[in-house]
Every structure is written in structure tokens, then in C-alpha cells.
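The structure appears below as C-alpha cells.
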Amino acid sequence: MPTLVMKFGGTSVANLDRIARAAKRIAVEVANGYDVIVIVSAMSGKTNELVGWVAETSPLYDAREYDAIVSSGENVTAGLMALRLQEMDIPARSWQGWQVPVKTTSAHSSARIEEIPTDNIHAKFGEGMKVAVVAGFQGISPEGRITTLGRGGSDTTAVAFAAAFGAERCDIYTDVDGVYTTDPRIASKARKLDKIAYEEMLELASLGAKVLQTRSVELAMRYKVRLRVLSSFEEPSDSAGTLVCDEEDIMESNVVAGVAYSRDEAKMTLISVADRPGIAAAIFGPLSDAGVNVDMIVQNISEEGRTDMTFSCPTDQVLRAEKAMNDAKEKGEINFHDLVADEGVAKVSVVGIGMRSHTGVAAKMFRVLSAEGINIKVITTSEIKISVLVDRKYMELAVQALHDAFELEKAG
Ligand code: ADP
Ligand code: ASP
Ligand code: MG
């Protein structure tokens with residue numbers, strides 16, 4: 001029997017009615033002749049609540065306990081989905097990550113999947129089971145501890161299962177009907193794309209478009225998984241949603257495919273550090289050891305052997321970053337006058353494969369922001385993207401202005 005992976009995100013399993021609705025969708029695919037692997041998220045809001053409880057109990061928490069707690073939301077929906085399917089006379093059972101087992105690294109709260117043995121679930125399909133419901137977002141480390149895959153990680157569970165089982169397709173059911181030129185929640189002119197190239201989706205995801213977790217796109221690209229994003233609230237058809245596919249499968253594409261944003265960024269500046277060989281390693285080594293995801297880095301010109309070093313990281317890692325820097329200072333590994341954290345910034349990026357062959361995109365982006373009176377604080381570029389840090393209060397304006405300037409309302 002061909003296998004299909006169907007993933008239902010938080011809003012698609014937000015209550016018992018929605019779970020029942022998703023179960024009906026699953027029943028259609030069972031009737032179509034598929035062995036179905038269903039990956040479920042926690043009910044919407046649940047993971048945030050669990051994360052909040054952890055932070056309230058222990059601000060610099062033990063990441064192993066964080067994972068034990070935060071993974072639990074998915075266990076509930078997996079069990080409920082299996083029960084709902086059984087009520088519909090569809091043979092189904094649930095699996096938690098460790099039962100499969102979804103083997104991951106021990107990088108708690110951002111673990112990577114290393115292996116998914118398929119024998120266990122295959123054997124059950126062989127015995128007549130029709131649907132395997134798997135709790136997304138979680139796995140087990142070599143030490144036998146529960147791990148999670150980072151926020152939005154159920155997408156990655158889904159793609160990893162699709163790759164491991166050689167599924168015909170991986171359908172990601174969510175609360176929007178596909179991938180848009182930008183987040184439709186903040187730009188009403190955003191347009192749904194019928195197709196998007198893996199590489200563009202990868203950049204959009206890593207720059208904040210949370211419709212797919214970055215790692216899921218990476219895996220889909222590597223294992224050539226046919227990945228589709230579609231709404232769990234609309235009647236599906238063969239052409240529904242957005243197909244994430246190879247660049248060659250897209251006939252025409254814009255220079256800029258989309259605009260992404262990441263709201264909760266912080267800009268940290270170490271004032272007056274010694275400008276000497278090894279200083280970057282002395283700063284970013286401890287930050288990395290402390291689990292801080294440093295994104296943009298700017299080293300200013302130096303004066304009299306001292307310089308300022310600026311980097312950005314997610315706002316919820318500011319405490320960790322400050323501790324890592326102050327500890328390194330105490331140990332004498334680095335020396336700085338002050339550490340200034342600006343927690344009021346956001347990152348806005350434009351992405352498009354067309355930038356490889358078109359010049360002038362950066363200049364246009366800067367002109368558009370300047371015309372809106374938006375000050376750019378940090379800039380980074382790569383082959384197919386340009387990102388800027390701006391004051392958070394201008395984030396939505398920046399996204400809308402760029403969407404207009406690059407005429408993305410004509411995409412689709
Ligand atoms: P789920 O709970 O189903 O995993 P998410 O909330 O993680 O859903 O992702 C879907 C959301 O991603 C949408 O509601 C939308 O606000 C947001 N989003 C951000 N950028 C985009 C984009 N370019 N296209 C579509 N949705 C986007
Ligand atoms: N429930 C997890 C989260 O909210 C994983 C997911 O939904 O993909 O991040
Ligand atoms: Mg998600």
C-alpha cells in the first residue's frame with residue numbers, strides 16, 4: 001500500500017470538533033487506499049502555556065526537564081486522534097516519539113532527528129492497522145531522555161517520517177491555505193503561491209515565516225519529499241495549497257519571492273572590547289556553549305585597539321547571552337565596558353532566487369525603507385536574501401512597503 005503523511009498543526013487540532021474534522025480528512029485518504037501516518041501538534045496555545053510554566057518555575061531551566069514538560073501537549077492530541085479514528089471504525093493507534101522510536105541528538109529543545117526505524121509501524125500496517133498517529137515535535141536522545149525539535153518541530157517530524165517511509169507525499173494541514181508572498185496576517189495584499197522552490201522556502205522559513213519549520217524544508221529538499229501546505233478548513237482538491245518543489249519545476253518566478261519577518265529579536269552590543277586576534281572566538285564561543293542562537297554580527301571599526309561588537313539573537317535568549325558574557329568577563333576571557341541590549345528590534349527580509357542574477361534589489365529595499373522613514377540598524381545579505389534589523393514598531397510597515405515595492409500582489 002502507498003503511504004501518505006498528513007500533519008495537523010495546532011489550530012487544526014485545537015478542540016475535539018477540529019480533531020473530528022481532521023479525522024474525516026484522514027478517513028478520505030484511507031478510503032483512497034493509503035496507509036496513513038498522521039503527525040499531530042499540541043492543541044493551539046498548549047505549548048506556549050507549557051513553556052510559560054517552565055519559565056515561571058525556573059528562568060534558566062534544565063533543558064531536559066523543559067523537553068519532558070513541553071512535549072506533553074502532543075501526547076494528548078495523538079491519543080485523542082487515535083480514539084476519534086477508532087470511533088469511526090478505522091483501525092488506528094497512537095505513538096509517542098520514544099515508542100517509535102524517533103531517535104534524536106541530545107541537543108535538548110532543538111534536537112535533530114537521526115533515525116526513524118520503520119519496522120514497528122510497518123508491522124502494524126501489516127496486521128491491518130490503517131492509521132499510525134504519531135506525536136510530533138518529540139523524540140528520544142541516546143541517553144534515553146525525551147527531546148523536542150524546536151518550536152514548530154512537528155513539521156520536521158512529518159517530513160522525516162515521509163522520508164523514512166518513502167511516502168508518496170507529505171501534506172501539512174494548517175490554518176492558511178498555502179505559502180504566501182508574506183504572512184497574510186500582517187499584509188492583506190499577500191498572495192498565495194501555487195509553487196515555491198525548496199531554497200526559497202528554506203530562506204523564508206529560517207527568516208521567520210513560521211508556516212514551515214526550517215529543518216523540515218531542509219529535510220524535504222535533501223530527501224526529495226513532495227511537500228504540500230494546505231488548509232485544514234477548506235475542501236481539499238488536487239491543486240489545493242502550495243507545492244514546495246525543485247526550482248526547475250517552476251515556470252516563471254519573480255526576482256523576489258517573498259518577504260519574511262522575525263518579531264522577537266534583540267540587538268546586543270559589547271562596548272569597547274579589545275580588537276585582537278581571537279576576540280570573536282572568545283565572544284561567540286561562550287555564547288554558542290550557552291545555547292544562544294546568534295544571527296547577525298557586526299564588528300565596528302576600531303579605535304585605539306578597541307572596538308564595539310554587535311550581534312542579534314532572539315529576545316528570549318538575552319538573559320543567557322548576558323550571563324555568558326559576564327561569566328567570560330569574570331574569567332578574564334574577554335573584557336568590555338558595557339553590554340547594551342536593545343530588545344525592541346525586528347528583522348525584515350526579502351528572499352528570491354532571482355537575486356542571483358538581478359542586481360539592485362538591496363538598493364531598492366533600502367530606498368523603500370528610507371522613504372518610509374525607517375532607520376536600518378543592521379544589514380546582512382546572502383546570495384538569495386537581504387535582511388535588516390529595524391525598530392519593532394516599524395516592522396509591519398516595512399513588510400507592507402516592501403511587498404508593495406516588489407509588486408508581490410501580482411505573484412501567484
Ligand atoms: P500550525 O499550527 O498549523 O503549525 P503555524 O502557526 O505554525 O501553524 O504556521 C501557520 C502560520 O504561519 C499562518 O497562520 C501565518 O500567520 C504564518 N505565516 C508566516 N509567514 C507566512 C507565509 N509566507 N505564508 C503563509 N503563512 C505564513
Ligand atoms: N507544539 C509545538 C509548537 O507549538 C510543535 C508544533 O506545533 O509544531 O512549537
Ligand atoms: Mg507550525
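For the stretch 37-48, which residues satisfy the criterion of being in a helix (DSSP H, G or I), open to solvent by 50 Å² or more (accessible area, probe 1.4 Å) and in contact (Cβ under 8 Å) with a residue 24 or more places away in the chain?
Once the filter is applied, which keeps residues that are in a helix (DSSP H, G or I), open to solvent by 50 Å² or more (accessible area, probe 1.4 Å) and in contact (Cβ under 8 Å) with a residue 24 or more places away in the chain, the stretch 37-48 yields only Lys46.
Return the residues of the stretch 161-191 that are of a type in the set (Gly, Ala, Ser), open to solvent by 10 Å² or more (accessible area, probe 1.4 Å) and assigned to a helix (DSSP H, G or I); say none if nothing qualifies.
Scanning the stretch 161-191 gives Ala163, Ala164.
Identify the single condition in (1) surrounded by 19 or more Cβ atoms within 10 Å (Cβ to Cβ); (2) closer than 22 Å to Pro2 by Cβ; (3) of a type in the set (S, T, N, Q) that Gln138 does not satisfy, given that it satisfies every other one.
(2)
Report, by residue number, each residue of the stretch 117-135 that is open to solvent by 20 Å² or more (accessible area, probe 1.4 Å) and either under 15 Å from Ser71 (Cβ atoms) or assigned to a loop (DSSP other than H, G, I, E, B) (or both).
Pro117, Thr118, Glu127, Gly128, Lys130
Listed residues Ala280, Ala341, Ala346; which is open to solvent by less than 50 Å² (accessible area, probe 1.4 Å) and in a helix (DSSP H, G or I)?
None of the other options fit; the residue is Ala280.
Report whether or not Val244 is open to solvent by less than 40 Å² (accessible area, probe 1.4 Å), modelled with pLDDT of 95 or more, under 19 Å from Ile113 (Cβ atoms) and in a loop (DSSP other than H, G, I, E, B).
Taking the combined requirement at face value, the residue does not satisfy it.
Can you find even one residue in the stretch 57-77 that is open to solvent by 50 Å² or more (accessible area, probe 1.4 Å) and within 16 Å of ligand 3 (Cβ to nearest atom)?
The answer is no; no qualifying residue exists.
Only one residue in Ala209, Ala167 is within 25 Å of Ser71 (Cβ to Cβ) and either among the aromatic types (Phe, Trp, Tyr) or more than 17 Å from the chain's Cα centre (by Cα) (or both), so which one is that?
Checking each option against the conditions leaves just Ala167.
Name the single residue that is modelled with the lowest pLDDT among those in the stretch 52-73 being outside any loop (DSSP other than H, G, I, E, B) and over 18 Å from Gly97 (Cβ atoms).
Ala55
Between a first residue in the stretch 184-201 that is closer than 13 Å to Leu227 by Cβ and a second residue that is among the charged types (D, E, K, R) and part of a loop (DSSP other than H, G, I, E, B), which pairs have beta carbons less than 7 Å apart while being 6 or more apart in sequence or on different chains?
Here the result reads Ala197/Asp246; Tyr198/Asp246, each pair linking the stretch 184-201 to a residue that is among the charged types (D, E, K, R) and part of a loop (DSSP other than H, G, I, E, B).
The values are calculated or read from the model by the stated rules, or taken from the named source; none is laboratory data. The structure presented is a predicted model; accordingly, all values stated were derived computationally and were not measured. So basically every Cβ, Gly included, is an ideal-geometry build from the backbone, and we count neighbours across all protein chains shown. The area values use the complete protein model at the heavy-atom level, side chains included, leaving out ligands, DNA and RNA. Shrake-Rupley method; radii C 1.70, N 1.55, O 1.52, S 1.80 Å.
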